[in-house]
Amino acid sequence: MHDHVYNPKEIEPRWRKFWESAGLYQSDAVSDKEKEYILVEFPYPSGAGLHVGHVWGYTMGDVIARRARMNGKNVLYPMGWDAFGLPTENYAIKTGIHPAIATAQNIETFKDQMERLGFSFDWTKEINTTDPSYYKWTQWIFLKLFEKGLAYKQEMPINWCPSCKTGLANEEVTSENTHERCGNVVERRMILQWLLKITEYADRLIDDLSTVDYTNDIVSQQVNWIGRSEGSYIKFTVSTDNDKYIEVFTTRADTLPGVTFVVLSPEHPLVADITTKENQEEVEKYCESAFLKSELERSQLQKEKTGVFTGGYVINPLNGEKVPVWVADYVLFHYGTGAVMGVPAHDERDMAFATLYDLPVVEVPDVGEDASKHIIGLLSVNGMAREGVEYKLRDWIFSRQHYWGEPIPIINCKKCGLVPVPEDQLPVTLPNITDFEPTIDGRSPLAKVTDWVNVTCPACGGPAERETDTMPNWAGSSWYFLRYVDPHNTDEFASQKKLDYMTPVDLYIGGAEHTTLHVLYSRFWHKVLFDLGYVSTAEPYSKRRNRGLILAPDGNKMSKSLGNVINPNDEVDAVGADTLRMYELFMGPYNETFPWNPSAEKGIYRFIERVYALTYIIVEKNSNITSLEIDQKIHKTIEKVSADLDSMKFNTAIAALMECVNVIERNPRDISISNWGSFIKLLAPFAPFAAEEMWSVLCGKLEPYESIHAQSWPELDRNKLIEDTITIPIQVNGKLRDTINVSSGDITEETVVGLAKASTKIMGWIGGSQITKTVYVPGKMVNFVIQQEG
RNA sequence: GCCGGGGUGGCGGAAUUGGUAGACGCGUUGGACUUAAAAUCCAAUGAGUGAUGAGCUCGUGGGGGUUCGAUUCCCCCCCUCGGCACCA
């Protein structure tokens, strides 16, 4: 005999087992049914376990997925592991435990946590980026990029983390010039690196944003990150050598008459040519010290500009004036042409520089777009100017000098150069090693595995070496959403048929920190695959929403060192998964930041308890009639919850469920079991365990039992929404003075205004004054405008 | 500095094609139950004022404006969060 007390500890494990054996959440790879692909970012399975922030995003996806299933859709809601990465490798260095072992353990923990939370993931589609059967295809895609000329090697100054002994992408360096993962200060170094030509896709990555549904903040962040700016390239001929010129990029060609100097970045190839003998020593010294500073150091010292005069001059192509050429590190080599025309009168930075070195300031009277066009028109005739576009976005540094990543499937042959590993030899698997330390010169530990490194060249058959760099952890996540569609395919990364059916992703939920990294990178890869004909849409995600942040109760970020971390497992133990899920959704809008509030969590628990108790009362009363009031409330709730789920307003959807319960609780005998069933269905996506338990109570535990999560979403009867009386506010001069109740069948202006005028309160306010205007908004309100005295 | 969000009770928040501000939850206060406490249930809960009644006045960061009517629209300003930042 049940004691009818809500006991999540008892019911949750029971239903978990039931769902598992029923295979409720499996999706069909191809089906006649309409598909819905809900994607949440797969986690990096760290040793710390699942974070309440993960739980929030996964719950959002879960609610939407469950609701879509109840709407009869074939729903893919998959989960996997983004398991390559540095922390696991560092852990291996410290403990000697192989990354594969640690990863497997962490995955087990994460998976168990996810199952305890009742997420309806289709585990038959589980993927793991470190599984050779997965990274085979990551490598395969890399080879496609290589064949297409989008992957190349280049010696270049890079951000170098001396602690991790690895090169970093700009995205991995914080604004404090530290490595985002380990916190150490980043240096600068020349190293041969793999790069991916994401810049080639810059325009499309901006322009195609208009074809997808991303929120405004995501769109503008991506657009800013890519940083397209349209301008002109203008040539300044070297005064002592007519064949040589310095080309500058400017968005303000109209200020060309105001140029009083030209500045080269210290790395500019023309620096040596233009520098005079007298200035050579000083210029060389300056350039050398500039190189040693990292880029971020350079930009951080922005207030104090420095520079040095080369002794050389160039000719302003517009007016023939001779202008001095300087070298200064406020000019960035990688942006534009690495050279800038100095117009102190119209640019703050140029002004600061001119003031410092006492350079002349010339104001240009006639500025504006028309002036620009005119000047470019004049100069382009002699080939001295052209229009063009620049981007802040730079090519993606794609190699890491580490073990725990996908080996780059390239063979270095002295004779043939860079030779791709033949497709039938993929995957290039990681050798099993025990020494995870990088080499002293900063190469991957793979470089020490000579058996693995030394191979014969696939092209010439001569001795050659494998590439020892591995891919960054962004590689596996750049295409994982495609693999979920067909995760066990050994012939292709996914079959065309399955891709055509299930992609693109209908909704992608994830963290805001991935807007300019993962989301941009994966859009890029997807477009490359699209160009090659492997996928049929230009964009991978139809809709992207960034979830907000959960802070610790003290308002700080949760961190081990502060000891303020909320562990989802503790919450599940204390209040159950349903309460945890609903609490997080009830905090507020899905994309905002909230500190953890344990007392608010209590409110949700109480709510579930009340619904639970009500279920037993309703079953006992066993009514087959529902009162008009409650029937109406049920349908209003169906309408509200459905609409709110469509727009991800989880917090107000839950509020609507609470309101509904508040009404029913007043008269639990006035609702039929089947109508209460409708309510439980509305609750099911939010609190899947409790709803299932209550459903089983309503159904009298029929055998074979059909899960609530396999039921259809309650149907809305709009006729039930019509109320027989409406309360209409009556205003006098825009201020509320009375309300009247009017039969909804009779809301003509004549009747309503007549009733309003008859109100004694309103009569009192109007008194003897003249009504100058009567405003009637049908069914909404009445306003009398009267002459005001004095 | 630039780009994008925000600013509403003691707290989290709700409500915008302009139309009863404060839904829902937390907290608080009073009451019931209990030997007592917890839990639960009932009631009250924006501020001021009024006899603890009807009611009235004020009230959505500040100041102006449009309107019969503004949390909502327009202009100016302040604060705050997130992103970018010597990008020519």
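Rule-based calculations on the coordinates, nothing more; no lab input. All of these numbers come straight from a predicted model, not from anything done at the bench. Using ideal geometry, Cβ is built from the backbone for each residue, glycine included, and neighbour counts are taken over all protein chains shown.
Taking 25 Å as R0, compute the FRET efficiency from the Cβ-Cβ separation of A:THR434 and A:ASN454 and round it to 0.05. Mind dumping the intermediate values first?
On the way: r = 19 Å, r/R0 = 0.78.
About 0.80, to the nearest 0.05.
Under 1.5 on a/c is rounded, so check that first for the stretch A:196-325, then, if it is not, pick prolate when a/b is larger than b/c and oblate when it is not; a ≥ b ≥ c are the square roots of the alpha carbon gyration tensor eigenvalues.
Here the stretch A:196-325 falls in the prolate category.
Put simply, the Cα atoms of the stretch A:543-610 extend 35, 35, 17 Å along their principal axes, the longest span coming first.
Here the label points at A:SER743 and A:GLU155, each 7 Å from Cα along the C-beta direction, are separated by 9.4 nm in the simple model. Taking amide H as placed 1.01 Å from N in the peptide plane, the amide H of A:THR739 sits under 5 Å from that of A:ILE730, each at least 5 places away or on another chain. For A:CYS699 and A:ALA600, a Förster radius of 35 Å and the Cβ-Cβ distance give a FRET efficiency of 0.60, rounded to the nearest 0.05. Ordering of A:696-704, A:272-280, A:483-491 by packing is A:483-491, A:272-280, A:696-704, highest average first (other Cβ atoms within 10 Å, averaged per residue).
Relative contact order, whole percent, for the stretch A:70-222 stands at 18, derived from Cα pairs under 8 Å and 6 or more residues apart.
When you count, for each residue, the other Cβ atoms within 10 Å and take the mean per peptide, how do A:248-261, A:142-155 rank with the highest first? Could the numbers behind the result be given before it?
On the way: A:248-261: 22.1, A:142-155: 16.6.
So the peptides A:248-261, A:142-155, ranked by packing, come out A:248-261, A:142-155.
Classify chain A: rounded, prolate or oblate, from the alpha-carbon gyration tensor (a ≥ b ≥ c, eigenvalue square roots; a/c under 1.5 rounded; otherwise prolate if a/b is larger than b/c)? Display every interim value, and only then the final one.
Values: a/c = 2.59, a/b = 1.43, b/c = 1.81.
Cα axes put chain A in the oblate bin.
Mind ordering A:342-349, A:21-28, A:262-269, A:560-567 by average Cβ neighbours within 10 Å, highest first? Walk me through the numbers before you get to the answer.
Details: A:342-349: 18.9, A:21-28: 15.4, A:262-269: 21.1, A:560-567: 12.5.
Descending packing order for the listed peptides: A:262-269, A:342-349, A:21-28, A:560-567.
Here the simple spin-label model places points 7 Å from the Cα toward Cβ, and for A:GLU147 and A:GLU180 these points are separated by 3.2 nm. Summary of the geometry: the stretch A:332-361 and the stretch A:589-658, compared by the centres of their Cα atoms, lie 62 Å apart. Of all aspartates and glutamates in the structure, those lying under 12 Å Cα to Cα from A:LYS244, and not within fewer than 8 positions of it along the same chain, are A:ASP273.
Is the stretch A:456-519 rounded, prolate or oblate when judged by the Cα gyration tensor, a ≥ b ≥ c being the square roots of its eigenvalues, rounded requiring a/c under 1.5 and prolate requiring a/b larger than b/c? Intermediate results must be reported in sequence, preceding the final value.
On the way: a/c = 4.28, a/b = 1.55, b/c = 2.76.
Because a/c hits 1.5 or more and a/b fails to exceed b/c, the stretch A:456-519 counts as oblate.
Comparing Cα centroids, the stretch A:753-788 and the stretch A:377-448 end up 77 angstrom apart. Cross-link partners of A:LYS373 among aspartates and glutamates, defined as those whose alpha carbon lies under 14 angstrom from its own and excluding same-chain residues fewer than eight positions apart: A:GLU230, A:ASP254, A:GLU387. The H on the amide N of A:PHE261, modeled in the peptide plane, is under 5 Å from the matching H of A:GLY342, each at least 5 residues off or on a different chain.
Using a 10 Å cut-off around each Cβ, can you sort A:CYS460, A:CYS660 from fewest to most neighbouring Cβ atoms? Spell out each step's value before the answer.
Numbers: A:CYS460 13, A:CYS660 22.
Fewest-to-most ranking of A:CYS460, A:CYS660: A:CYS460, A:CYS660.
Over chain A, what is the percentage of antiparallel beta bridges among all DSSP beta bridges, to the nearest 5?
On the way: 66 of 89 bridges.
About 75 percent, rounded to the nearest 5.
Spacing of the modelled spin labels on A:LYS392 and A:SER561, each 7 Å from Cα toward Cβ, amounts to 2.8 nm. At full extension, A:ASN71 and A:ASN662 could sit 210.1 nm farther apart than now, given 0.36 nm per residue minus the alpha carbon distance.
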